[in-house]
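As structure tokens, the structure follows; a few thoughts come after it.
The values are calculated or read from the model by the stated rules, or taken from the named source; none is laboratory data. The structure displayed is predicted, hence computed values, not measured ones. No Cβ is skipped: glycine too gets one built from the backbone with ideal geometry, and neighbour counts run over all protein chains shown. Ligands, DNA and RNA are stripped out before the accessible areas are found, and what is left, the full protein with its side chains, is counted by its heavy atoms. Shrake-Rupley method; radii C 1.70, N 1.55, O 1.52, S 1.80 Å.
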Amino acid sequence: MLRVLTITLLATSNFAPDLPPMEEKVIQYFTQAAEIDWTKEEVVIAFTVGKWKVPAGSKHPFEEKRINELAVEEVKRSQNIASMNNHGW
């Protein structure tokens with residue numbers, strides 16, 4: 001028999017009254033996406049690293065070097081990196 005020890009909400013909603021709303025810090029961060037110059041790779045990488053800092057907790061240290069490496073890969077593989085932010089809403 002499998003037993004669940006904890007449940008973590010992976011999705012919230014600003015529209016469904018039965019779900020908790022999205023945290024304000026998430027909304028604030030992704031609102032900045034409109035101001036990003038998506039043609040400048042270093043700016044996009046910094047924004048991408050920042051989006052992973054928003055939900056990071058305090059139990060484990062944020063591995064900025066590793067997340068930066070992943071962000072570089074993500075930018076290089078993307079055909080339209082700006083479209084990744086439509087999930088923030």
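Values as computed for the structure displayed
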item	result
Between helix 41-53 and the chain: long-axis angle, C-alpha atoms, 0 to 90°, nearest 10	10 degrees
FRET efficiency estimate (nearest 0.05) - Cβ-Cβ, ARG3 to ASN80, R0 35 angstrom	0.25
Lys/Arg +1, Asp/Glu -1 at C-beta; the chain dipole; positive extreme among VAL44, MET1, VAL72	MET1
Nearest-20 debye value, the chain charge dipole, Cβ charges on Lys, Arg, Asp, Glu	320 debye
1.4 Å probe accessible area per residue over the chain, in Å²	83 Å²
Listed peptides 52-58, 29-35 by packing density, highest first (mean Cβ within 10 Å)	29-35, 52-58
HN-Hα J in Hz across the stretch 63-77 - Karplus 6.51, -1.76, 1.60, θ = phi - 60°, x for Gly and Pro	8, 4, 4, 5, 5, 4, 4, 5, 5, 4, 4, 4, 5, 5, 7
10 °C / 1.306 mPa s Stokes-Einstein diffusion coefficient of the stretch 1-64, Kirkwood radius on C-alpha pairs, µm²/s	109 µm²/s
Per-residue [θ]222 nm for the chain (sum of -39500 (n - 2.57) over DSSP H runs n ≥ 4, rounded to 500)	-12000 deg cm²/dmol
Sequence-distant aspartates and glutamates (8 or more away, or on other chains) whose Cα lies within less than 12 Å of LYS51	GLU64
